[in-house]
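Read the structure below first, then the notes.
The values are calculated or read from the model by the stated rules, or taken from the named source; none is laboratory data. Keep in mind it's a predicted model, so treat the numbers as computed, not measured. In this analysis, Cβ positions are derived from the backbone assuming ideal geometry, glycine residues included, and neighbour counts consider all displayed protein chains. Accessible surface is based on the protein model in full, side chains and every heavy atom, while ligands, DNA and RNA are left aside. Shrake-Rupley method; radii C 1.70, N 1.55, O 1.52, S 1.80 Å.
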Amino acid sequence: MDYEAYFRSRLAKLREEGNYRVFADLERRAGSFPAATNHGAIGPKEVTVWCSNDYLGMGQNPKVIAAMKEAIDRCGAGAGGTRNISGTNHYHVLLERELADLHGKEAALLFTSGYVSNWASLGTLASAIPGCIVLSDAMNHASMIEGIRHSRAERHIFKHNDVEDLDRKLSALDPEAPKLVAFESVYSMDGDISPIKEICDVAERHGAMTYLDEVHAVGMYGPRGGGVAEREGLMDRLTVIEGTLGKAFGVMGGYIAASTALIDFVRSFASGFIFTTALPPAIAAGALASIKHLKESDAERLAQQAAVAKVRARLAAIGIPTLDNPSHIVPVMVKDPVKCKWISDWLMANHGIYVQPINYPTVPKGTERLRITPSAIHNDGDIDRLVRALSEIWSQCALARAVA
(Lines give C-alpha, C1' and ligand atoms only; values in the text may rest on other atoms or scores of the structure.)
Protein backbone atom coordinates (compact mmCIF):
# COMPACT_ATOMS: atom_id res chain seq x y z
CA MET A 1 0.00 0.00 0.00
CA ASP A 2 1.14 3.52 -0.81
CA TYR A 3 0.50 4.98 2.64
CA GLU A 4 1.50 8.54 1.78
CA ALA A 5 -0.81 8.59 -1.25
CA TYR A 6 -3.66 7.32 0.92
CA PHE A 7 -3.08 10.04 3.52
CA ARG A 8 -2.96 12.73 0.82
CA SER A 9 -6.15 11.50 -0.88
CA ARG A 10 -8.11 11.51 2.34
CA LEU A 11 -6.89 15.01 3.20
CA ALA A 12 -7.74 16.24 -0.31
CA LYS A 13 -11.29 14.94 0.14
CA LEU A 14 -11.61 16.84 3.41
CA ARG A 15 -10.53 20.04 1.67
CA GLU A 16 -12.94 19.45 -1.21
CA GLU A 17 -15.84 19.01 1.22
CA GLY A 18 -14.90 22.10 3.20
CA ASN A 19 -14.21 20.01 6.32
CA TYR A 20 -10.42 20.35 6.50
CA ARG A 21 -9.43 21.92 9.81
CA VAL A 22 -7.08 24.91 9.77
CA PHE A 23 -5.69 26.06 13.13
CA ALA A 24 -5.50 29.80 13.68
CA ASP A 25 -1.98 30.68 14.89
CA LEU A 26 -2.97 33.07 17.67
CA GLU A 27 -1.11 34.89 20.41
CA ARG A 28 -3.42 35.83 23.26
CA ARG A 29 -2.38 39.07 24.94
CA ALA A 30 -2.91 39.34 28.68
CA GLY A 31 -4.88 42.45 29.55
CA SER A 32 -6.33 42.97 26.08
CA PHE A 33 -8.09 39.69 25.21
CA PRO A 34 -10.36 39.14 23.18
CA ALA A 35 -7.84 41.06 21.08
CA ALA A 36 -5.10 38.70 19.88
CA THR A 37 -2.36 38.56 17.25
CA ASN A 38 -2.81 36.20 14.31
CA HIS A 39 0.58 34.88 13.17
CA GLY A 40 -0.86 32.84 10.28
CA ALA A 41 -0.84 33.50 6.55
CA ILE A 42 -2.42 36.95 6.92
CA GLY A 43 -0.35 37.88 9.95
CA PRO A 44 0.93 39.26 12.03
CA LYS A 45 -2.44 40.98 12.35
CA GLU A 46 -4.58 42.03 15.29
CA VAL A 47 -7.86 40.16 15.46
CA THR A 48 -10.83 39.90 17.81
CA VAL A 49 -11.62 36.37 18.96
CA TRP A 50 -15.31 35.46 18.99
CA CYS A 51 -15.13 31.70 19.56
CA SER A 52 -13.09 31.25 22.72
CA ASN A 53 -14.27 29.06 25.59
CA ASP A 54 -12.62 31.48 28.04
CA TYR A 55 -16.16 32.77 28.55
CA LEU A 56 -15.49 34.98 31.55
CA GLY A 57 -11.99 36.18 30.73
CA MET A 58 -10.53 34.36 33.73
CA GLY A 59 -7.51 33.38 31.65
CA GLN A 60 -6.26 36.93 32.16
CA ASN A 61 -7.73 37.65 35.59
CA PRO A 62 -5.02 39.27 37.78
CA LYS A 63 -5.74 36.91 40.70
CA VAL A 64 -5.29 33.86 38.48
CA ILE A 65 -2.08 35.14 36.90
CA ALA A 66 -0.62 36.12 40.29
CA ALA A 67 -1.44 32.71 41.75
CA MET A 68 0.26 30.94 38.86
CA LYS A 69 3.38 33.11 39.10
CA GLU A 70 3.61 32.48 42.83
CA ALA A 71 3.27 28.72 42.31
CA ILE A 72 5.99 28.74 39.64
CA ASP A 73 8.31 30.55 42.05
CA ARG A 74 7.51 28.15 44.88
CA CYS A 75 7.30 24.81 43.06
CA GLY A 76 8.93 25.17 39.66
CA ALA A 77 7.40 24.23 36.33
CA GLY A 78 6.19 20.63 36.30
CA ALA A 79 4.62 18.23 38.77
CA GLY A 80 7.54 15.83 38.42
CA GLY A 81 5.57 12.63 38.08
CA THR A 82 2.25 10.86 38.10
CA ARG A 83 -0.07 11.48 41.02
CA ASN A 84 0.94 8.04 42.34
CA ILE A 85 4.70 8.58 42.06
CA SER A 86 5.81 11.92 43.51
CA GLY A 87 3.46 14.06 41.38
CA THR A 88 0.77 14.96 43.93
CA ASN A 89 1.49 18.57 44.82
CA HIS A 90 -0.29 20.32 47.68
CA TYR A 91 -2.00 22.59 45.14
CA HIS A 92 -3.69 19.50 43.66
CA VAL A 93 -5.04 18.53 47.07
CA LEU A 94 -6.33 22.04 47.76
CA LEU A 95 -7.94 22.26 44.33
CA GLU A 96 -9.73 18.93 44.72
CA ARG A 97 -11.14 20.09 48.06
CA GLU A 98 -12.32 23.34 46.45
CA LEU A 99 -14.01 21.45 43.60
CA ALA A 100 -15.76 19.07 45.98
CA ASP A 101 -17.07 22.08 47.91
CA LEU A 102 -18.18 23.80 44.68
CA HIS A 103 -20.43 20.87 43.80
CA GLY A 104 -21.51 19.91 47.30
CA LYS A 105 -19.79 16.52 47.06
CA GLU A 106 -17.55 14.63 49.45
CA ALA A 107 -14.55 14.48 47.12
CA ALA A 108 -13.17 15.37 43.68
CA LEU A 109 -10.47 14.06 41.36
CA LEU A 110 -8.31 16.02 38.90
CA PHE A 111 -7.45 14.94 35.35
CA THR A 112 -5.28 16.54 32.68
CA SER A 113 -8.29 17.64 30.60
CA GLY A 114 -12.06 17.47 30.43
CA TYR A 115 -11.74 14.95 27.61
CA VAL A 116 -9.60 12.67 29.76
CA SER A 117 -11.86 13.02 32.79
CA ASN A 118 -14.87 11.82 30.76
CA TRP A 119 -12.97 9.09 28.92
CA ALA A 120 -11.30 7.72 32.05
CA SER A 121 -14.21 8.05 34.46
CA LEU A 122 -16.97 6.70 32.24
CA GLY A 123 -14.68 3.99 30.89
CA THR A 124 -13.74 2.90 34.39
CA LEU A 125 -17.19 3.01 35.96
CA ALA A 126 -18.89 1.20 33.10
CA SER A 127 -16.23 -1.50 32.77
CA ALA A 128 -15.38 -2.11 36.42
CA ILE A 129 -18.96 -2.36 37.75
CA PRO A 130 -20.03 -5.92 36.80
CA GLY A 131 -22.85 -5.96 34.25
CA CYS A 132 -23.16 -2.17 34.11
CA ILE A 133 -25.44 -0.86 31.35
CA VAL A 134 -24.93 2.70 30.08
CA LEU A 135 -27.72 4.96 28.81
CA SER A 136 -26.15 7.79 26.79
CA ASP A 137 -27.77 10.90 25.32
CA ALA A 138 -27.59 10.92 21.52
CA MET A 139 -25.78 14.28 21.49
CA ASN A 140 -23.13 13.50 24.09
CA HIS A 141 -19.59 14.78 23.54
CA ALA A 142 -16.99 12.64 21.79
CA SER A 143 -15.09 12.18 25.06
CA MET A 144 -18.14 10.60 26.69
CA ILE A 145 -18.78 8.39 23.66
CA GLU A 146 -15.16 7.22 23.62
CA GLY A 147 -15.19 6.45 27.33
CA ILE A 148 -18.37 4.41 27.04
CA ARG A 149 -17.09 2.61 23.95
CA HIS A 150 -13.78 1.87 25.64
CA SER A 151 -15.60 0.25 28.56
CA ARG A 152 -17.20 -2.35 26.25
CA ALA A 153 -20.25 -2.20 28.49
CA GLU A 154 -23.73 -2.72 27.09
CA ARG A 155 -24.97 0.67 25.97
CA HIS A 156 -28.19 2.22 24.74
CA ILE A 157 -28.57 5.64 23.12
CA PHE A 158 -31.64 7.64 24.10
CA LYS A 159 -33.03 10.46 21.99
CA HIS A 160 -31.52 13.83 22.78
CA ASN A 161 -33.03 15.33 25.95
CA ASP A 162 -35.99 12.92 25.59
CA VAL A 163 -36.97 11.80 29.08
CA GLU A 164 -39.76 9.55 27.82
CA ASP A 165 -37.37 7.67 25.53
CA LEU A 166 -34.92 7.26 28.41
CA ASP A 167 -37.72 5.89 30.58
CA ARG A 168 -38.76 3.41 27.87
CA LYS A 169 -35.21 2.16 27.43
CA LEU A 170 -34.62 1.79 31.16
CA SER A 171 -37.96 -0.01 31.57
CA ALA A 172 -36.87 -2.63 29.05
CA LEU A 173 -33.73 -3.52 31.03
CA ASP A 174 -33.24 -5.94 33.89
CA PRO A 175 -34.33 -3.97 36.98
CA GLU A 176 -31.55 -5.60 39.00
CA ALA A 177 -28.76 -4.67 36.58
CA PRO A 178 -26.51 -1.72 37.52
CA LYS A 179 -27.17 1.22 35.22
CA LEU A 180 -25.55 4.58 34.48
CA VAL A 181 -27.24 7.51 32.70
CA ALA A 182 -24.72 9.85 31.06
CA PHE A 183 -25.70 13.28 29.76
CA GLU A 184 -24.63 16.94 29.60
CA SER A 185 -26.14 20.10 31.03
CA VAL A 186 -25.27 22.59 28.26
CA TYR A 187 -24.73 21.06 24.81
CA SER A 188 -22.01 23.14 23.23
CA MET A 189 -23.00 23.11 19.57
CA ASP A 190 -26.75 23.89 19.80
CA GLY A 191 -26.55 25.56 23.21
CA ASP A 192 -29.60 23.74 24.56
CA ILE A 193 -29.90 22.67 28.20
CA SER A 194 -30.97 19.25 29.41
CA PRO A 195 -33.95 18.57 31.70
CA ILE A 196 -31.75 17.54 34.62
CA LYS A 197 -34.53 17.16 37.19
CA GLU A 198 -36.65 14.98 34.95
CA ILE A 199 -33.68 12.79 34.00
CA CYS A 200 -32.84 12.37 37.68
CA ASP A 201 -36.47 11.43 38.40
CA VAL A 202 -36.38 8.67 35.77
CA ALA A 203 -32.92 7.43 36.76
CA GLU A 204 -33.84 7.22 40.43
CA ARG A 205 -37.05 5.36 39.60
CA HIS A 206 -34.99 2.71 37.81
CA GLY A 207 -32.13 2.59 40.32
CA ALA A 208 -29.61 4.11 37.89
CA MET A 209 -26.60 6.28 38.66
CA THR A 210 -26.37 9.67 36.93
CA TYR A 211 -23.27 11.20 35.33
CA LEU A 212 -23.59 14.87 34.35
CA ASP A 213 -21.06 16.67 32.15
CA GLU A 214 -21.11 20.37 33.14
CA VAL A 215 -18.05 21.51 31.18
CA HIS A 216 -19.83 24.38 29.41
CA ALA A 217 -21.70 25.36 32.57
CA VAL A 218 -19.24 25.40 35.48
CA GLY A 219 -18.34 28.95 36.39
CA MET A 220 -21.21 30.19 34.23
CA TYR A 221 -24.37 29.26 36.11
CA GLY A 222 -25.44 29.05 39.72
CA PRO A 223 -24.80 31.51 42.55
CA ARG A 224 -21.23 30.20 43.03
CA GLY A 225 -20.57 28.98 39.48
CA GLY A 226 -21.37 25.34 40.23
CA GLY A 227 -23.23 24.95 36.93
CA VAL A 228 -26.81 24.38 35.86
CA ALA A 229 -27.31 21.70 38.51
CA GLU A 230 -26.37 24.22 41.21
CA ARG A 231 -28.67 26.85 39.71
CA GLU A 232 -31.56 24.38 39.79
CA GLY A 233 -30.73 22.97 43.23
CA LEU A 234 -30.05 19.46 41.92
CA MET A 235 -26.39 18.75 42.68
CA ASP A 236 -27.20 16.36 45.51
CA ARG A 237 -29.27 14.17 43.16
CA LEU A 238 -26.42 13.51 40.74
CA THR A 239 -24.03 10.62 41.30
CA VAL A 240 -21.14 12.23 39.40
CA ILE A 241 -20.63 15.80 38.24
CA GLU A 242 -17.86 16.25 35.68
CA GLY A 243 -16.35 19.59 34.73
CA THR A 244 -13.43 21.38 33.16
CA LEU A 245 -10.93 23.98 34.29
CA GLY A 246 -10.20 25.01 30.69
CA LYS A 247 -13.32 27.01 29.82
CA ALA A 248 -14.99 29.47 32.22
CA PHE A 249 -12.27 28.93 34.83
CA GLY A 250 -9.70 30.01 32.24
CA VAL A 251 -6.91 27.49 32.87
CA MET A 252 -6.61 23.77 31.99
CA GLY A 253 -7.67 20.37 33.29
CA GLY A 254 -10.74 18.30 34.04
CA TYR A 255 -12.30 16.72 37.09
CA ILE A 256 -15.12 14.71 38.59
CA ALA A 257 -16.88 15.31 41.91
CA ALA A 258 -18.78 12.58 43.73
CA SER A 259 -18.82 10.50 46.93
CA THR A 260 -15.57 9.62 48.64
CA ALA A 261 -15.94 5.95 47.72
CA LEU A 262 -16.67 6.60 44.04
CA ILE A 263 -13.78 9.03 43.69
CA ASP A 264 -11.42 6.58 45.37
CA PHE A 265 -12.72 3.84 43.08
CA VAL A 266 -11.93 5.83 39.93
CA ARG A 267 -8.60 6.97 41.40
CA SER A 268 -7.65 3.36 42.04
CA PHE A 269 -8.78 1.79 38.76
CA ALA A 270 -8.68 4.45 35.99
CA SER A 271 -5.61 4.01 33.81
CA GLY A 272 -6.19 7.48 32.33
CA PHE A 273 -5.56 8.87 35.80
CA ILE A 274 -2.95 6.48 37.16
CA PHE A 275 -0.47 6.47 34.29
CA THR A 276 -0.26 10.12 33.25
CA THR A 277 1.85 12.99 34.57
CA ALA A 278 -0.03 15.28 36.95
CA LEU A 279 -1.02 18.82 36.05
CA PRO A 280 1.72 21.39 36.75
CA PRO A 281 1.31 22.98 40.20
CA ALA A 282 0.94 26.43 38.63
CA ILE A 283 -2.07 25.26 36.61
CA ALA A 284 -3.69 23.90 39.78
CA ALA A 285 -2.92 27.13 41.63
CA GLY A 286 -4.48 29.22 38.86
CA ALA A 287 -7.61 27.07 38.79
CA LEU A 288 -7.87 27.28 42.57
CA ALA A 289 -7.74 31.08 42.46
CA SER A 290 -10.27 31.22 39.63
CA ILE A 291 -12.80 28.98 41.38
CA LYS A 292 -12.48 30.87 44.67
CA HIS A 293 -13.02 34.17 42.87
CA LEU A 294 -16.08 33.01 40.91
CA LYS A 295 -17.64 31.49 44.03
CA GLU A 296 -17.85 35.04 45.41
CA SER A 297 -18.11 37.24 42.32
CA ASP A 298 -21.14 37.45 40.04
CA ALA A 299 -19.75 40.39 38.04
CA GLU A 300 -18.18 38.24 35.32
CA ARG A 301 -21.31 36.12 34.86
CA LEU A 302 -23.56 39.18 34.64
CA ALA A 303 -21.26 40.90 32.12
CA GLN A 304 -21.15 37.79 29.96
CA GLN A 305 -24.93 37.39 30.05
CA ALA A 306 -25.35 41.03 29.03
CA ALA A 307 -22.98 40.57 26.07
CA VAL A 308 -24.86 37.46 24.92
CA ALA A 309 -28.19 39.30 25.08
CA LYS A 310 -26.79 42.21 23.03
CA VAL A 311 -25.35 39.93 20.34
CA ARG A 312 -28.57 37.93 20.06
CA ALA A 313 -30.71 41.07 19.79
CA ARG A 314 -28.45 42.74 17.23
CA LEU A 315 -28.25 39.65 15.01
CA ALA A 316 -32.02 39.13 15.21
CA ALA A 317 -32.59 42.74 14.19
CA ILE A 318 -30.73 42.24 10.89
CA GLY A 319 -32.10 38.76 10.19
CA ILE A 320 -28.95 36.71 10.76
CA PRO A 321 -30.32 33.23 11.58
CA THR A 322 -29.27 31.78 14.92
CA LEU A 323 -30.40 28.76 16.90
CA ASP A 324 -32.64 29.88 19.73
CA ASN A 325 -31.49 28.46 23.05
CA PRO A 326 -31.37 29.40 26.76
CA SER A 327 -27.58 29.31 27.11
CA HIS A 328 -24.59 31.55 26.37
CA ILE A 329 -23.78 29.92 23.01
CA VAL A 330 -24.89 31.69 19.80
CA PRO A 331 -24.81 29.36 16.76
CA VAL A 332 -25.06 31.35 13.49
CA MET A 333 -26.51 28.92 10.96
CA VAL A 334 -24.83 28.84 7.54
CA LYS A 335 -25.82 25.25 6.58
CA ASP A 336 -23.13 24.88 3.93
CA PRO A 337 -19.61 23.65 4.76
CA VAL A 338 -17.78 25.46 1.95
CA LYS A 339 -19.56 28.76 2.60
CA CYS A 340 -19.05 28.35 6.32
CA LYS A 341 -15.30 28.02 5.89
CA TRP A 342 -15.20 30.82 3.32
CA ILE A 343 -17.14 33.20 5.59
CA SER A 344 -14.78 32.44 8.48
CA ASP A 345 -11.75 33.17 6.29
CA TRP A 346 -13.33 36.35 4.91
CA LEU A 347 -14.16 37.70 8.36
CA MET A 348 -10.57 37.12 9.45
CA ALA A 349 -8.97 38.63 6.34
CA ASN A 350 -11.26 41.64 5.93
CA HIS A 351 -12.37 42.55 9.43
CA GLY A 352 -9.92 40.87 11.80
CA ILE A 353 -12.76 38.83 13.28
CA TYR A 354 -11.98 35.24 14.22
CA VAL A 355 -14.86 32.80 14.54
CA GLN A 356 -14.17 29.16 13.73
CA PRO A 357 -16.37 27.30 11.22
CA ILE A 358 -18.06 24.26 12.75
CA ASN A 359 -18.58 21.57 10.14
CA TYR A 360 -19.15 17.82 9.94
CA PRO A 361 -18.40 15.58 11.85
CA THR A 362 -18.66 17.97 14.82
CA VAL A 363 -22.20 18.79 13.69
CA PRO A 364 -24.49 16.91 11.25
CA LYS A 365 -24.16 17.72 7.55
CA GLY A 366 -26.49 20.54 6.57
CA THR A 367 -26.21 22.25 9.98
CA GLU A 368 -22.82 23.90 9.52
CA ARG A 369 -22.44 27.03 11.59
CA LEU A 370 -20.31 29.74 13.11
CA ARG A 371 -20.32 29.17 16.88
CA ILE A 372 -20.14 32.60 18.48
CA THR A 373 -19.36 32.81 22.18
CA PRO A 374 -19.71 36.36 23.53
CA SER A 375 -17.58 36.82 26.61
CA ALA A 376 -17.60 39.02 29.66
CA ILE A 377 -14.89 41.16 28.06
CA HIS A 378 -16.35 41.84 24.59
CA ASN A 379 -17.39 45.49 24.48
CA ASP A 380 -20.00 47.37 22.48
CA GLY A 381 -17.46 48.29 19.80
CA ASP A 382 -16.55 44.62 19.34
CA ILE A 383 -20.23 43.76 18.96
CA ASP A 384 -20.82 46.60 16.45
CA ARG A 385 -17.96 45.38 14.24
CA LEU A 386 -19.14 41.76 14.39
CA VAL A 387 -22.73 42.60 13.44
CA ARG A 388 -21.74 44.91 10.58
CA ALA A 389 -19.32 42.35 9.15
CA LEU A 390 -21.83 39.49 9.34
CA SER A 391 -24.48 41.62 7.64
CA GLU A 392 -22.06 42.49 4.83
CA ILE A 393 -20.97 38.91 4.17
CA TRP A 394 -24.53 37.58 4.43
CA SER A 395 -25.49 39.88 1.57
CA GLN A 396 -22.42 38.95 -0.48
CA CYS A 397 -23.19 35.24 -0.14
CA ALA A 398 -26.88 35.78 -0.87
CA LEU A 399 -27.77 33.79 2.23
CA ALA A 400 -31.35 33.87 3.46
CA ARG A 401 -32.13 36.13 6.37
CA ALA A 402 -34.45 35.16 9.19
CA VAL A 403 -37.87 36.77 9.22
CA ALA A 404 -38.70 38.45 12.53
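Counting charges near G381 (Lys, Arg +1; Asp, Glu -1) among other residues having Cβ under 13 Å from its Cβ returns a value of +1. Extension gain for A316 to L173 (0.36 nm times residue separation, less C-alpha to C-alpha distance): 46.9 nm. Rounded to the nearest 0.05, what FRET efficiency do A398 and A299 give with R0 = 25 Å and r taken as the Cβ-Cβ distance? Could you check? Efficiency, from the Cβ-Cβ distance: 0.05.
Shown here for segment 298-404: trypsin sites (Lys or Arg not before Pro) in loop regions (DSSP other than H, G, I, E, B) with at most 15 other Cβ atoms within 10 Å, namely K335, K365, R401.
Please identify the longest segment of the chain free of exposed chymotrypsin sites (Phe, Trp or Tyr not before Pro), where exposed means a DSSP state other than H, G, I, E or B and no more than 12 other Cβ atoms within 10 Å. Here the longest run is 24-274.
If you take every residue apart from F33 with its C-beta less than 13 Å away from the C-beta of F33, what net charge results, scoring Lys and Arg +1 and Asp and Glu -1?
-2
Annotation: extensible slack from K159 through E46 equals 36.4 nm (criterion: 0.36 nm per residue apart, minus Cα-Cα distance). Within straight-line reach of K247, meaning a Cα separation under 16 Å, sit the following aspartates and glutamates at least 8 residues removed in sequence or on another chain: D54, E184, D213, E214, E300. Expressed as a whole percent, the accessible surface of the chain that belongs to carbon and sulfur atoms is 55, based on a 1.4 Å probe.
Under 14 Å from the Cβ of G246, count the other residues' Cβ atoms, weight Lys and Arg +1, Asp and Glu -1, and hand me the total. Result for the neighbourhood of G246: -2.
Rg then Dmax, both in Å and based on the Cα atoms of segment 47-147: 17.3, 52. In the context of the full set of protein chains, the chain has a per residue accessible area of 44 Å² (1.4 Å probe). Of the DSSP H helices in the chain, those that are both long (alpha-carbon extent of 20 Å or more along the helix axis) and hydrophobic (Kyte-Doolittle mean at least 0.0) are 114-128, 281-296, 299-317. One Cα centroid belongs to segment 290-360, the other to segment 188-246; the line between them spans 23 Å. Among the GluC sites (Glu not before Pro) in segment 164-255, those located in a DSSP loop and surrounded by at most 13 other Cβ atoms within 10 Å of their own Cβ are E176.
Counting heavy atoms of the protein chains alone, V387 has an accessible area of about 10 Å² for a 1.4 Å probe.
Evaluate the relative contact order of segment 202-245 (contact order divided by residue number), counting alpha-carbon pairs under 8 angstrom at least 6 apart; express in whole percent.
On the way: 58 pairs, mean separation 17.9, N = 44.
Reported as a whole number, the value is 41 percent.
Within straight-line reach of K45, meaning a Cα separation under 20 Å, sit the following aspartates and glutamates at least 8 residues removed in sequence or on another chain: D25, E27, D345, D382, D384. In units of the rule-of-thumb radius 2.2 N^0.38 Å, the chain shows an alpha carbon radius of gyration of 1.01.
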